[in-house]
Amino acid sequence: MKKILFILILILLNTPHTFAENLDEVNLEFDETFTQHTLNIQDTSSKSTNKISDRVAINETDLENFERTQQIPTVPQISEPTSERFRLFSGIAETAQSIYNLKIEDTDSPSSLFKEQLTKNFAEGPVESVHAWAVAQMNSTTNIPEAGDTDTRFNVNLINILIDAKMRGGKDNFRLMLDPTHRHIPFFQPFVQDIYYETKRIPHHTLLIGNSRTGVGYEGAQSPYTLPLANRSQISRNLANIRKVGIRLKGNYSLMDYDLGGYSSDTLFTEFMPGVEFDGWVNFKPLGKTDGRYGKLTTGGGIVSGSRNSISYFQGGAYIGYTYKKFWTRMEYAVADGSNGGQGLTQKRQQGWYVTLGYHVTKKLEVIARYDEFDPDKTKRHNNKREYTAGINYYLKGQAFKIFLNYVFCQNDAAKNSHRIIVGGQIII
């Protein structure tokens, strides 16, 4: 009888998983004579409130046979993949997913796709954070002259590498910007573009010391990462769009802002103090206290006065811009009696103006049109250059990732007219 009971116990212990789930505790009790042994099986599962208290007596020999025949199965351990290759692909997948889900709708300021990944924060020390980022602009330009052969070129407009350091407290910043873009001038002259320190310890003001883009004109002082079209207007790329070493003070209030600076007239670190230059620009914002209900209106003007190697130059300009919901427009005029801007030092008397219209069809799609006229030498008649531009911008991730298409009709009084088709894009990482 004891043998039969022992066999039944073995059968019960090896039943399918569904029954085994209800068996949580197995207790062995021995009597004082040590001749008989009692096996208690209790059910402690939440599915049943009754306990099985039946006792089965078996002798010592049966118990020894039970221990020898019953083997506890080992549970294989599942090891997590920790190889370097797995971590690399896992990191790439997570980063790609975060970029795909990234929403950037602001097109008025540049944004970075990898700002979080490329920003290093420090718990101690004078530096609070360092952000490294880079910008690349490329396009394919097809020139179609009305008389001559068509020419198509692939251009790398710019490659910028930037390092922004934010000091502890948030009132001081440092920037270093390098430009390894290939040009037909000595490589290291334009290599260091921005290198300056700025502080915002004065309320409503920023004091900047170092090499930076001067505040000449509206579009001339604008970052290349937020330009609405592939190229700046003619007055901006000829009379402005230059960096110089100096001290500048920028103020910003609800109804006005200004940019005043004193600089060395040197450009691209080619000479040491060949002269001095003063730049001043003031903007007024009549609708600055209306919370944007009637749009944003900005009107302003400024002057540039300086000398370089005993050659004096002076220029002035005026600007008006208006933005209302999806529509915006900009108009700017400039006149120069000699200049020291993007075209270099010249004593020519020049002038020009442009008007640009833009409309955001959607948050990602923008259409633009511009009329641009420039007189490169006022002492000569019938010498004007006119550019009619139509463009489309598609912002996949704001200014961080965009593609564009521009058509330009170039009308020249002193040369053959031509057409230009520009297809390109920008990425900020």
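The values are calculated or read from the model by the stated rules, or taken from the named source; none is laboratory data. All values derive from a computational prediction rather than experimental measurement. In this analysis, Cβ positions are derived from the backbone assuming ideal geometry, glycine residues included, and neighbour counts consider all displayed protein chains.
Side notes on the structure shown:
- Here is the figure for region 284-318: residues that are under 14 Å from ASP257 (Cα atoms), assigned to a strand (DSSP E or B) and of a type in the set (Gly, Ala, Ser) total 3.
- Matching entry among ALA165, ALA132 (being in a strand (DSSP E or B), small (Gly, Ala, Ser), within 14 Å of the chain's Cα centre (by Cα) and at negative phi): ALA132
- So ARG175, is it surrounded by fewer than 21 Cβ atoms within 10 Å (Cβ to Cβ), basic (Lys, Arg), at pLDDT 95 or above and not in a strand (DSSP E or B): no
- Within region 284-320, the set of residues being more than 30 Å from MET273 (Cβ to Cβ) and either of a type in the set (Lys, Arg) or buried (at least 19 other Cβ atoms within 10 Å of the Cβ) (or both) comprises LYS285, LYS289, ARG293, LYS296, THR298, TYR319.
- When residues of region 219-244 are limited to those that are of a type in the set (A, V, I, L, M, F, W, C) and surrounded by fewer than 23 Cβ atoms within 10 Å (Cβ to Cβ), the one nearest to PRO110 (Cα to Cα): LEU227
- Cβ-Cβ distances below 7 Å connect the following pairs, each with a first residue in region 84-109 that is more than 19 Å from LEU365 (Cβ to Cβ), a second residue that is in a loop (DSSP other than H, G, I, E, B), and a separation of six or more residues or different chains: THR95/GLN117; ILE99/LEU113.
- Residue within region 303-314 that is of a type outside the set (Asp, Glu), under 23 Å from VAL245 (Cα atoms) and in contact with a Pro (Cβ under 7 Å, 6 or more places away or on another chain) present: yes
- Residue within region 192-210 that is loosely packed, with under 14 Cβ neighbours inside 10 Å, part of a loop (DSSP other than H, G, I, E, B), in contact (Cβ under 8 Å) with a residue 12 or more places away in the chain and over 23 Å from the mean Cα position of the chain (by Cα) present: yes
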